[in-house]
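To start, the structure itself, in structure tokens.
The values are calculated or read from the model by the stated rules, or taken from the named source; none is laboratory data. Everything quoted here is computed from the prediction, not taken from an experiment. Positions of Cβ are generated from backbone atoms using ideal geometry, with glycine treated the same way; all protein chains shown enter the neighbour counts.
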Amino acid sequence: MEIPYTSKSRPDTGLYNAKVGIWLFLASEVMLFGALFSTYVLLRVSAAPGAWPHHLLNIWLGATNTIVLIISSVTVVLSWAALKMNKWSTYKLTQGITILCSLIFLGIKSYEYKDKFSHYEIVLNDGRIADGHLKEKTKETVVIMGHWVPTAEEAASEAKAEVNAPATAHKAEHEEHAEISIKTADIKKMQNYGPWHNTYLAIYFTLTGLHALHVIGGSLVIFMIWGPLSGMWKTDPERYTNRVEVSGLFWHFVDLVWIFLFPVLYLL
């Protein structure tokens, strides 16, 4: 029994079945990410003044990933257009670039995650706080590459000095990193910058982690159509082209979500 409207459009909607299905699915995705974005907004506006963390993420890495996904959106469209013009080799090239872009994105995101899980905040028994990346850890000592976090009094003094002497050169955003060795017995609390560190990182890992899962899923579907399932192009080219279009619609949604995630998490 042949399934109707797999290639031709339905008379009631003007769309073939898969396209109707992907639009319904994307509607549910909008509600999912919309709820998470709303959660982020509510958590941020309800935070105490000055309590919301800033500058914890590498803006250049986020911007690079944004450019990578924008390029992949262009190549997805070009690959679909190539099939419409019966240019198989062009399709293989452009869709291959899309898959490559997805791998680059996931590679950069993996590096960002690894950086956060190796970045520690260490609170000492005397109240001092050291911040940096773990270099070595033994039973007796912990060694990090980082800096000492100024106390509230020191931060207030520095702010006052900047106001009184505006012409002086501004300090770097982060203190110069150096090797700091701390005795284990002096440590009161030691925690990395995972999702448990604070509210901001919890929502960051939730949003970007869910988005990364969508990137993985979307790229796997695109790869399967591009590679193992490409034989359909010879037997049913119109249906094959429709599959490329549907996977492209999902990929555009994934890219659009990141366009919102980048400024919200990295810039604001």
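Observations on the model:
- Matching entry among Leu124, Leu61, Leu83, Leu69 (being among the hydrophobic types (A, V, I, L, M, F, W, C), crowded, with 16+ Cβ neighbours inside 10 Å, within 25 Å of Tyr204 (Cα to Cα) and touching a residue at least 40 places away in the same chain (Cβ under 8 Å)): Leu69
Matching residues to (1) in the same structural domain as Ser230 (by TED's automatic domain parsing); (2) of a type in the set (Phe, Trp, Tyr); (3) farther than 24 Å from Thr151 by Cα; (4) at pLDDT below 95:
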site: Trp80; (1), (2), (3), (4): yes, yes, yes, no
site: Lys92; (1), (2), (3), (4): yes, no, yes, no
site: Ile97; (1), (2), (3), (4): yes, no, yes, no
site: Cys101; (1), (2), (3), (4): yes, no, yes, no
site: Phe105; (1), (2), (3), (4): yes, yes, yes, no
site: Tyr111; (1), (2), (3), (4): yes, yes, yes, no
site: Asn125; (1), (2), (3), (4): no, no, no, yes
site: Ile129; (1), (2), (3), (4): no, no, no, yes
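- Restricted to the stretch 87-98, and to residues there that are without any contact (Cβ under 8 Å) to a residue 24 or more places away in the chain and of a type outside the set (A, V, I, L, M), the residue that is surrounded by the fewest Cβ atoms within 10 Å (Cβ to Cβ) is Ser89.
- Test: residue in the stretch 154-177 that is buried (at least 16 other Cβ atoms within 10 Å of the Cβ) and either modelled with pLDDT of 90 or more or not hydroxyl-bearing (Ser, Thr, Tyr) (or both): no
- Residue in the stretch 47-78 that is nearest to Leu249 (Cα to Cα), counting only those that are among the small types (Gly, Ala, Ser) and modelled with pLDDT of 90 or more: Ser73
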